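Comments concern the structure below.
Taken together, the values in this text are just the output of simple stated rules run on the coordinates, not laboratory data. For clarity, every value in this text was computed on a predicted model and none was experimentally measured. Please note: Cβ atoms are built from the backbone with ideal geometry, for glycine as well, and neighbour counts cover all protein chains shown.
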Amino acid sequence: MKSITIVFLLFALIDSAYTMEINVNPRSIISSLDKSLAPELDILRVTTEISSDNHIVFQVKTKGERDHGKEDDYLLLQILHENVYIFLIPINKKQESEILIYQDILDNNYALSREFKRSPSSLIADLNLNRVTNGAEFLIPLDWINFGADFGFDAYTVQADVNKNTLKINKIYDQAGKARKSEKLFSAILLLNKLCAPKRLN
């Protein structure tokens, strides 16, 4: 009887682990609406896909957009991958749209309330940006990713001081993953597998 109970428990654990695994979907973050924010500061979602030229495309969509306004408002993509990487572009579509890259060490604190150091754009070769309606796409080459390491991402709209060599976040307007209960980090290979898996037909 004891051996039957042990076998039953093992199957239950395996089934539970399998269920947890298939329910993990690192491909997207759906954000809740915030009516108190201006549309261009209110993040709707972050989605990922693999492009035909071997980039992971992180598409960040907001409820609206603007051409001009406060020049210290930014759209921010945060990637946690061996380090903390910050990819920053202005909210204003008519402002210069060069991607600014900052980084810091990866520890258990993923908060933006710290000073980040500027990184050269050559840190990630073939990094690209597309402005899209109500948002932007950050295109990061697949060969930059270490698939043996953990990976995580999130998106923010922020007010920030951008200096020559440092970045300081003064205010967070919105965070895509603010309601997310699961861990921010997962296996990078899991993301690749999910991106390469056939999409279900409705």
**Request:** Just one of (1) more than 20 Å from Asn170 (Cβ to Cβ); (2) touching a strand residue (DSSP E or B) at 6+ places or on another chain (Cβ under 9 Å) trips up Gly64, so point out which.
**Result:** (2)
**Message:** Out of Asp150, Asp126, I need the residue that is within 22 Å of Glu82 (Cα to Cα), touching a Pro at 6+ places or on another chain (Cβ under 7 Å) and not hydroxyl-bearing (Ser, Thr, Tyr). Which one?
**Reply:** Asp126
**Prompt:** Going through region 62-78 one residue at a time, which ones are buried (at least 20 other Cβ atoms within 10 Å of the Cβ), of a type outside the set (Val, Ile, Thr) and out of contact with any Phe, Trp or Tyr (no Cβ under 9 Å at 6 or more places or on another chain)?
**Reply:** none
**Request:** Report whether or not Tyr85 is of a type in the set (Ser, Thr, Tyr), in contact (Cβ under 8 Å) with a residue 40 or more places away in the chain, on the phi < 0 side of the Ramachandran plot and not in a loop (DSSP other than H, G, I, E, B).
**Result:** no
**Request:** Look through region 53-82, keep the residues that are part of a strand (DSSP E or B) and among the charged types (D, E, K, R), and return whichever of them is farthest from Ser32 (Cα to Cα).
**Result:** Asp73
**Prompt:** Say we look at region 88-100 and pick out the residues that are free of Cβ contacts under 8 Å to residues at least 60 places away in the same chain and assigned to a loop (DSSP other than H, G, I, E, B); which of these is surrounded by the fewest Cβ atoms within 10 Å (Cβ to Cβ)?
**Reply:** Glu96
**Message:** Quick test for you: out of Asp126, Asp143, Asp107, pick the one residue that is in contact (Cβ under 8 Å) with a residue 60 or more places away in the chain and in a loop (DSSP other than H, G, I, E, B).
**Reply:** Asp126
